[in-house]
Amino acid sequence: MKTLSVFLVLIAGILWGCLGFFVRVLNDGGLYAMDIVFLRALLTTVSMALILLFADRKSFKIKMKDFWCFIGTGLCSIVFFNFCYFKSIAESSLSVAAILLYTAPAIVMVLSYFLFKEKLSKVKLISLLMTFAGCVLVTGIVAGDGKITVSGVLFGLGSGFGYALYSIFSRFAIERGYSTFTITFYTFLIATLSSIFFTNPMKVFSVAVGSGKNIIFSLVLGIAGTVTPYLAYTKGLKNMENGKASIIASIEPVTASILGLFIYHENLSISAWIGAAMVLGALVICNVRIHSKES
């Protein structure tokens with residue numbers, strides 16, 4: 001079961017890493033930042049509502065005393081992290097923003113130590129250091145000219161914190177007995193209702209259905225880029241510690257870099273290849289550790 005969980009979290013990270021391809025197409029159509037956050041959230045909410053309506057209507061039921069869990073995953077994580085991330089990009093640079101976003105595994109590990117008594121083992125710490133160092137190399141900040149400002153750093157750290165909160169609040173929801181489907185539905189329902197204040201819904205709708213190409217890419221963004229990875233990641237969390245899941249999901253920037261290489265012919269430096277190898281090495285260390293515990 002733990003091996004399946006590793007696979008699910010890995011798939012989630014890979015699918016998140018492919019988002020840039022679909023986002024660029026929608027950018028060309030006139031949708032940006034929070035427009036896409038709203039579109040992803042809305043499509044996911046509708047998709048999950050249909051799934052629950054026909055497959056498991058009982059999963060709509062939640063206790064009001066547990067509603068804070070979904071405010072945490074939807075508002076405090078999805079909306080807050082995206083808002084901070086896009087602000088960080090505007091205030092600093094893409095490479096700096098990406099590195100600060102990937103402080104998330106460390107934040108998850110520390111919070112999980114205090115909230116869920118997860119151990120800070122040597123294997124976790126080594127994997128964490130390898131992952132972060134690998135992300136630094138992959139994003140290219142070492143090579144250079146990343147613009148750094150105080151506000152950019154603060155927003156970047158905020159994005160990492162918000163990104164980490166999905167694992168934390170999802171764990172609280174899981175421990176209260178909620179299914180992967182319930183958590184995903186209410187997360188994105190809250191995200192939809194929250195992000196609507198940061199965008200123009202009519203503009204988003206007109207662009208999303210403006211052409212057959214945009215319709216297809218919007219649907220793929222919702223299903224393959226959001227519904228599937230969030231279901232996979234949340235399902236994987238059920239049989240895995242938060243810290244390990246967060247490290248494994250860090251395959252995302254490596255996937256994005258490789259996708260950029262093959263689709264957009266973006267050059268990868270030697271340091272980027274080394275960084276990718278370090279991230280993959282960290283994933284192998286985590287995976288081997290999990291297998292050894294099973295045997």
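Of all the listed residues (Y230, Y178), the sole one being open to solvent by less than 50 Å² (accessible area, probe 1.4 Å) and either at pLDDT below 95 or under 23 Å from Y85 (Cα atoms) (or both) is Y230.
Can you tell me how many residues within the stretch 181-206 are touching an Asp or Glu at 6+ places or on another chain (Cβ under 8 Å) and either part of a helix (DSSP H, G or I) or open to solvent by less than 20 Å² (accessible area, probe 1.4 Å) (or both)?
Narrowing the stretch 181-206 to residues touching an Asp or Glu at 6+ places or on another chain (Cβ under 8 Å): 181, 199-200, 203-204.
Narrowing further to those that are either part of a helix (DSSP H, G or I) or open to solvent by less than 20 Å² (accessible area, probe 1.4 Å) (or both): 181, 203-204.
Result for the stretch 181-206: 3.
For the stretch 33-50, indicate whether the set of residues that are in contact (Cβ under 8 Å) with a residue 40 or more places away in the chain and either within 30 Å of I285 (Cβ to Cβ) or not in a helix (DSSP H, G or I) (or both) is non-empty. No, the stretch 33-50 has no match at all.
I'd like to know if the stretch 261-270 contains one or more residues that are out of contact with any Cys (no Cβ under 8 Å at 6 or more places or on another chain), aromatic (F, W, Y) and not in a helix (DSSP H, G or I). Give the derivation first.
Narrowing the stretch 261-270 to residues out of contact with any Cys (no Cβ under 8 Å at 6 or more places or on another chain): 261-270.
Subset that is aromatic (F, W, Y): 262, 264.
Now restrict to residues that are not in a helix (DSSP H, G or I): 264.
Yes, the stretch 261-270 has at least one match.
Has the stretch 66-85 got at least one residue that is in contact with a Pro (Cβ under 9 Å, 6 or more places away or on another chain) and under 20 Å from T255 (Cβ atoms)?
We begin by selecting, within the stretch 66-85, every residue in contact with a Pro (Cβ under 9 Å, 6 or more places away or on another chain); these are none.
The answer is no; no qualifying residue exists.
Within the stretch 45-57, identify whether any single residue is small (G, A, S), more than 23 Å from the chain's Cα centre (by Cα), open to solvent by 60 Å² or more (accessible area, probe 1.4 Å) and over 23 Å from S167 (Cα atoms), and answer yes or no. Yes, the stretch 45-57 contains a residue that is small (G, A, S), more than 23 Å from the chain's Cα centre (by Cα), open to solvent by 60 Å² or more (accessible area, probe 1.4 Å) and over 23 Å from S167 (Cα atoms).
Name the residues in the stretch 40-74 that are in contact with a Phe, Trp or Tyr (Cβ under 7 Å, 6 or more places away or on another chain), among the hydrophobic types (A, V, I, L, M, F, W, C) and under 16 Å from Y230 (Cβ atoms), would you? Matches in the stretch 40-74: A41, M48, A49, I51, L52, C69, F70.
The values are calculated or read from the model by the stated rules, or taken from the named source; none is laboratory data. It should be emphasised that the depicted structure is a prediction, and the values quoted were computed from it without experimental measurement. Virtual Cβ from ideal backbone geometry, glycine too; neighbours counted across all protein chains shown. When the accessible area is computed, the model is the full protein with side chains, heavy atoms only, and any ligands, DNA or RNA have been set aside. Shrake-Rupley method; radii C 1.70, N 1.55, O 1.52, S 1.80 Å.
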